[in-house]
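See structure below.
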Amino acid sequence: MARWKALPEELDPQIVEFTRQMRRLVDEVGLGVATLADRTGYSRTSWERYLNGRLLAPKGAVGALAEVCGTSPVHLTTMWELAERAWSRAESRHDRTMEQIRITQARAELGDFGGGTGTTTVDAPPQSPSSAEPPGGRRRVLLFLAGAVAVLAVLGTVFLLTGGESTPAAAGPPSPSATGAPGLPPGVKCVGIGCAGKDAEAMGCSGDLVTTARSATVGAATLEVRYSRTCGAAWGRITGAAPGDRVRVTADGESERVEAVAGETYTYTPMVAVGRAGEAEACVTLTSGRTGCAK
């Protein structure tokens, strides 16, 4: 089928090879993306991203694909492991770049603030001949310094009360922090603690920005810890869920949970804030009473 889009040029060769292998399997059995989504429990949007190289498929999706296509998952899983390492390396480079952007913007903001307050400093007047006088000159210097401190205090108060509106810098465009979190990609609406308790998809933390940190099989369900470094958040997800199955994610004593409802084959929890993927743990309780965790 000539239905696949060209893969992004920046993809690592191992990711390209893995993605093409998934495409071959789908083509061989003649599945449409919608049918593939119905049979695997992963959404159509997710499969479009997996098969177009925009997002690395989680291990659970790889196993589901192999099962649907009637092939052994061993070879495909091996290819996935190589692709996952390459994806993690690329993500690490992205994280370093984003961190450098944040640092640069923070320094720029500090520099702007320092420049604004610097306009209120008072230059010392030229040294008068009397300042060269030994004992008596010292008293004059102290009086001058006391006066200068008082002037700076008054000017600083005026600056704070007016918000710096009298300075030329106020007429310029707002700094990046005035319109959103600095350094975050378009569409991302939160980071860190600001993401706690919120929906990952609604806040722009899923899609290309998420990886599966760890996974576990519990009964017929696949449990995953989903992690977004860009958002500094993690959440739990279960696929192959039955109505009443409950999944919970925990990090640093904070927990979020959700229960699958009728008609859902997968569901996920709200987010918890984390500094790294290893801080999050996801657990599931099936309606059968069976429990398990990915940690």
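Coordinate-derived values only; no laboratory data. What you see is a predicted model; the values in this text were computed from it and never measured. Glycine also receives a Cβ, built like all others from the backbone with ideal geometry; neighbour counts cover every protein chain displayed.
Once you have the Cα-Cα distance between ASP199 and VAL74, take 0.36 nm times their residue separation minus that, and quote the gain in nm to one decimal.
Result: 41.6 nm gained on full extension.
Tell me, what HN-Hα J-couplings in whole Hz come from the Karplus equation 6.51 cos²θ - 1.76 cosθ + 1.60 at θ = phi - 60° for each residue of the range 279-291, using x for Gly and Pro?
Karplus values, whole Hz, x for Gly and Pro: 7, 9, 9, 10, 9, 10, 10, 7, 5, 6, x, 6, 10.
³J(HN,Hα) across the range 78-91 via Karplus (A = 6.51, B = -1.76, C = 1.60, θ = phi - 60°), whole Hz, x for Gly/Pro?
Values per residue, Gly and Pro as x: 4, 5, 4, 4, 5, 5, 5, 5, 5, 5, 5, 4, 5, 5 Hz.
Any chance you could run the full-extension gain for ALA6 through LYS295? It's 0.36 nm times the residue separation minus the Cα-Cα distance, nm to one decimal.
100.4 nm
By how many nm would the segment from ASP27 to ARG257 lengthen if fully extended, with 0.36 nm per residue of separation less the alpha-carbon distance?
79.1 nm
Grab the other residues whose beta carbon is less than 14 angstrom from that of GLU81, score K and R as +1, D and E as -1, and report the net.
Net charge around GLU81: +1.
How large is the direction-averaged shadow of the alpha-carbon convex hull of the range 31-94, in nm²?
If I average the Cα hull's projected area over directions, I get 4.3 nm².
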